[in-house]
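Structure record follows, encoded as structure tokens.
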Amino acid sequence: MKKSASLVTLVVTAAFLLVPLCAAADTYVLTAAKWGAKQTTAVQQSGGTVVWSHAASGLAAASSSRTDFLARALKTRAFLTVDKDMVVQWQKPEQLREVGLIETAITPGNETFINAQWNILAVEAPDAWANGCTGYGVRVAVLDGGIRPTHIDLAGTVDTACSASFVAGKQFYEDTSSHATHVAGIVAARDNGIGTIGIAPEATILGVKVLDNGSGSFSQIIGGILYAAEPGAFGVDCAGADVINMSLGAVFPRNVGGPAGLIAAINKAVNYANSRGALVVSSAGNDAIDFGQAKNLVGVPGSAGAGIAVSATGPEGFAVNFPYGATNFRDPASYSSYGEGFVSLAGPGGDFRLPGTALCSVPRVPSGSVTTQCWVFDMVMSLSRNSNTTYTWMAGTSMAAPAVAAVAALVKQRYPWMTPGDIRDFLQATADDEGSYGADQFYGHGFVNARRACTE
């Protein structure tokens, strides 16, 4: 369900925007040991044009209207692989239950909707803030759709000069979906006495548009990962991200008929980002698949390289008889995918399994209340792109991943010398052991805990 509001035209200029391709052209993902003049020339001689390339990883995207481009490119022997790109629906709209809520009062001291943010309590974020962990100085890239940087809770948070779009013809802030703005708010909505607050409220967001209304190609995502880790490789004089969040996912057959070459290219991009100091955090997916048992299926990018996949939890009845409602914030979400060897951590993603349509109310700060159907409060509240003062609820592993990414930012602030591997291990070591003793199929190494990550 959605309540729409008129979109406001933004005037932010993206630092990096691809030139639109010819409609008749196909896109290809190419890999080489390294990318250089030899590879660029081979693309041109095969009848193609390089869309983007990344020298150190050997990854690139090319376009061509020639039907024999793939065969011609392989014959040059300049590439390890050449694969035709695929456009995929990485974010399924039916998993994003949206209800609009407009900020009507700007109040000092506390966020207006803090009482509805059970996800903040679930990860014990206030205790982390009390110990000086806010994400200050840490850069978190949100690879998603378009982020609305002028939202009142993101003002000054998004590095607009360094944000980028890998969607042809679109600026990094353009989209019709609130998904990216919602995700960015979970990470770093400012502590400004307005609306909501993020888990790492002083982190900086780098917006990298790789999807449009939930869909996008492998080449867009691969390019976005590499750009987030190393903008300089794309000719942009900006610092790369310390953490990369990808609240997106799709399921493919592991062997027969699957895009094995494209998946391998994502693995390579994630591993390169890791080598450049960026921890990649991805959502586990909303298909309730046990990837530990479904050996014929692979969840991408959750399974990619050195990154980590995050499953989702959520309460049932949080706002019923508030403030005495459910506190089972860490119960497995009904839709979340999982799997031993696949999921590393769990985070608060919300749920909508509460039956009925009864109404519940939660107090605003400093006065008034928010009233809507009780099940809505079990989802995660964050920002909407419908206006600069609009908020909404969504549920999904898309909401759980940025919670983990935000706690990773807190760790990076506390221990700036940590490598991505160190941060991953530390998050797992300080997570709360939920479910079966030790690592298990749903929680992985546990439910992420911001307080423990900032005090132990």
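Computed from the coordinates by the stated procedures, all read-outs in this text should not be read as laboratory data. Fair warning: this is a prediction, and the values are worked out from it, not measured in the lab. Counting neighbours? That spans all protein chains shown, and the Cβs are built from the backbone with ideal geometry, glycine included.
For Tyr324 and Ala168, the FRET efficiency from 1/(1 + (r/R0)^6), where r spans their Cβ atoms and R0 equals 60 Å, is about 0.70. Scanning residues 5 or more positions from Met86 or on other chains, those with amide H under 5 Å from its amide H are Phe218, Ser219, with H placed 1.01 Å from N in the peptide plane. The charge dipole of the chain, taken about its Cα centre with unit charges on the Cβ of Lys, Arg, Asp and Glu (plus for the first two, minus for the last two), comes to roughly 1280 debye. Per residue of the chain, the DSSP helices (runs of n ≥ 4 H) give a summed -39500 (n - 2.57) that works out to -6500 deg cm²/dmol at 222 nm.
Taking the number of Cβ atoms within 10 Å of each Cβ as an exposure proxy, the fewest-first ranking of Thr372, Thr327 is Thr327, Thr372.
3J(HN,Hα) along the range 355-368, derived from phi through the Karplus expression 6.51 cos²θ - 1.76 cosθ + 1.60 where θ = phi - 60°, amounts to x, x, 10, 4, 9, 10, 10, 10, x, 7, 10, x, 8, x Hz, with x in place of Gly and Pro. For the range 285-388, the list of chymotrypsin sites (Phe, Trp or Tyr not before Pro) that fall in a loop by DSSP and count at most 13 other C-beta atoms within 10 angstrom reads Tyr324.
Can you spot the lysines whose alpha carbon is less than 28 Å from Lys170's alpha carbon? Ignore those fewer than 8 places along the same chain. Once the sequence-local lysines are set aside, what remains near Lys170 is Lys2, Lys3, Lys84, Lys92, Lys209, Lys268. Each part gets one Cα centre, and for the range 405-456 versus the range 258-289 those centres are 19 Å apart.
Antiparallel beta bridges, as assigned by DSSP with both residues in the range 89-455, represent about 45 percent of the total such bridges.
Taking the centroid of alpha carbons for each part, the range 35-55 and the range 158-236 are 27 Å apart.
When each of the peptides 441-454, 176-189 is scored by how many other beta carbons lie within 10 Å of its residues on average, the order from highest to lowest is 176-189, 441-454.
Ordering Glu230, Glu202, Glu456, Glu434 by the number of other Cβ atoms within 10 Å of each residue's own Cβ, fewest first, gives Glu456, Glu434, Glu202, Glu230.
Which shape class, rounded, prolate or oblate, goes with the chain when its Cα gyration tensor gives a ≥ b ≥ c as root eigenvalues, a/c under 1.5 marks rounded, and past that a/b bigger than b/c marks prolate? Because a/c hits 1.5 or more and a/b exceeds b/c, the chain counts as prolate. Loop-located chymotrypsin sites (Phe, Trp or Tyr not before Pro) in the range 133-178 (DSSP state other than H, G, I, E, B) with a sparse environment of at most 16 neighbouring Cβ atoms within 10 Å: Tyr136. Karplus-derived 3J(HN,Hα) values for the range 335-352, using 6.51 cos²θ - 1.76 cosθ + 1.60 with θ = phi - 60°, are 9, 5, 6, 7, x, 4, x, 10, 7, 9, 8, 10, x, x, x, x, 8, 9 Hz; glycine and proline are entered as x. Distance between the modelled labels on Thr41 and Ala306, one decimal in nanometres: 3.3 nm (7 Å Cα→Cβ projection).
Here Asn213 and Ser436 are evaluated by their C-beta separation; at R0 = 51 Å the FRET efficiency comes out at 0.85. Starting from the Cα of Arg254, step 7 Å toward the Cβ, then list every residue of the range 320-363 with an amide N under 14 Å from that point. Under cut-off, by backbone N: 339-343. Remark: relative contact order (the range 25-85) = 47 percent; criterion is Cα-Cα distance under 8 angstrom and separation of 6 or more residues.
In terms of modelled amide H atoms, which long-range or inter-chain residues lie less than 5 Å from the amide H of Thr372? The answer is Cys360.
Kindly list the residues of the range 357-395 that lie in the label zone of Ala155, defined by a backbone N under 14 Å from the point 7 Å along the Cα-to-C-beta vector. The answer is 388-390. Neighbour counts of C-beta atoms inside 10 Å place Arg414, Arg385, Arg66 in the sequence Arg66, Arg414, Arg385, starting with the fewest.
Farthest toward the positive end of the dipole of the chain, out of Ala168, Asn271, Ser367, is the Cα of Ala168, where the dipole comes from beta carbon charges about the Cα centre. Backbone geometry of the range 376-388 corresponds, through the Karplus equation with coefficients 6.51, -1.76 and 1.60 at θ = phi - 60°, to 3J(HN,Hα) couplings of 5, 5, 7, 8, 9, 8, 7, 8, 10, 8, 4, 7, 6 Hz, x marking Gly and Pro. Spatial offset of the range 387-402 relative to the range 300-332 amounts to 13 Å, using the alpha carbon center of each.
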